[in-house]
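Chemist: I am attaching a structure below and will ask some questions about it afterwards.
Derivation of every value follows stated rules applied to the coordinates shown; laboratory data play no part. Since we're looking at a predicted model, the values are computed, not measured. Using ideal geometry, Cβ is built from the backbone for each residue, glycine included, and neighbour counts are taken over all protein chains shown.
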Amino acid sequence: MPWNPEVYNQYKSERAAPALDLLALLNVRPGLTAVDLGCGTGDLTAKLAATLPDARVLGVDSSAEMLVKSSETGSSSVNFECISIEDQLKKSQQWDVVFSNAALQWVPDHETLLPRIISTLKPGGQLLIQMPPQHHNLTNRLLNELATKEPYSELYADWNRISPVLETGRYAEILFECGSQSMQVFEKIYPLVLKDVDSLLTWVSGTAIIPYLERLPDPLKEPFIKDYRALLASHFPKTPVFYAFKRILIEARF
């Protein structure tokens, strides 16, 4: 099931809030090279390039559907490539800035991933990462719960649904172990006020539910969505729906 940029962008301003907080942590200097790992539609990649004078910025994403929108950025200082984060890291390119917003939660084994990313930084380079602690967010926990029930559990039996995202303190430890000269690592709640449960379902449909649906045969996709909506409704009975959405923000210099 491909990523759908139209669904993803329905809550564009809400998704942008933690991204803009991350961008505000950027150490602005001229002439830098930067990579945006998991750039999505490329909107934030363009903002990154616009913030850094005379920069060369590369946005990478494994979704061709999302990258279609990147052609609208219209900046000569930005290039895009359809490639996974893991394959991009294999190139061993060096960067002044490594930036990743709401993407690394899809990449496994953060104990080895984070040091690998840090190794691509030039001396004096800066790391900027934002991602949801999926194991703390209720919408993710309910997806995991539903996946353990019939008729879905057998189909998910060989798929590891455990989030690779670590506890916030562990990221600080890894940064220290990798030689960070300074760091900011914190968790922040971004309050979402949504019209109703259907709006919350739409929010999740743009991201977290996609890997679950793509592993189901077509006849089970609609039942899964219906059952998931029922779970959401049982936990969010009031309207409007208030959802405390948590994000981890990481900034470090090396």
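Chemist: Given C-alpha coordinates of the chain, what is the ratio Rg to Rh with the Kirkwood estimate of Rh?
Modeler: 0.97
Chemist: Kindly state, to the nearest 0.05, the FRET efficiency for THR148 paired with SER76, given R0 = 35 Å and r defined as their beta-carbon distance.
Modeler: Once rounded, the FRET efficiency stands at 0.10.
Chemist: If you stretched the chain out fully between MET183 and ASP196, how much longer would it get, using 0.36 nm times the residue separation minus the C-alpha to C-alpha distance? Working shown, then result.
Modeler: On the way: separation 13, 0.36 × 13 = 4.68 nm, distance 3.83 nm.
So the extension gain works out to 0.9 nm.
Chemist: For helix 218-235, report the angle its Cα long axis makes with the longest principal axis of the Cα atoms of the chain; keep it between 0 and 90° and round to the nearest 10°.
Modeler: So the helix axis and the longest Cα principal axis differ by about 90 degrees.
Chemist: While we're on this one: Between ALA16 and PHE242, 0.36 nm times their residue separation minus their Cα-Cα distance comes to what? Provide the component values of the computation, followed by the final result.
Modeler: On the way: separation 226, 0.36 × 226 = 81.36 nm, distance 1.80 nm.
My answer for the length gained is 79.6 nm.
Chemist: Amide H to amide H under 5 Å from VAL241: which residues, 5+ apart in sequence or cross-chain, H placed 1.01 Å off N in plane?
Modeler: HN-HN under 5 Å from VAL241: LEU194, LYS195, ASP196.
Chemist: Based on the Kirkwood radius over alpha-carbon pairs, what is the Stokes-Einstein translational diffusion coefficient of segment 61-153 at 37 °C with 0.692 mPa s viscosity, in µm²/s?
Modeler: 208
Chemist: Karplus couplings for segment 18-31 from phi (6.51 cos²θ - 1.76 cosθ + 1.60, θ = phi - 60°), rounded to Hz, Gly and Pro as x?
Modeler: Running phi through 6.51 cos²θ - 1.76 cosθ + 1.60 with θ = phi - 60° gives x, 5, 5, 4, 5, 4, 5, 8, 5, 8, 7, 9, x, x Hz.
Chemist: Same structure, new question: What is the helix-to-structure angle for 138-147, meaning the angle in degrees between its Cα long axis and the longest Cα principal axis of the chain, kept from 0 to 90 and rounded to the nearest 10?
Modeler: It works out to around 60 degrees.
Chemist: Quote the FRET efficiency, to the nearest 0.05, computed for PHE176 versus ASP109 with a Förster distance R0 of 22 Å and r equal to the Cβ-Cβ distance.
Modeler: Once the sixth-power term is evaluated, E becomes 0.70.
Chemist: Give me the count of lysine pairs in the chain whose alpha carbons sit under 21 angstrom apart, restricted to pairs 8 or more positions apart or on different chains.
Modeler: Lysine pairs meeting the criterion: 16.
Chemist: Rounded to the nearest 20 Debye, what is the dipole magnitude of segment 5-253 about its Cα centre when Lys and Arg each give +1 and Asp and Glu each give -1 at the C-beta?
Modeler: Dipole about the Cα centre, nearest 20: 520 debye.
Chemist: Relative to the present Cα-Cα distance, how much length would full extension add between ALA157 and SER92 at 0.36 nm per residue of separation?
Modeler: The ALA157-SER92 span can extend by a further 19.9 nm.
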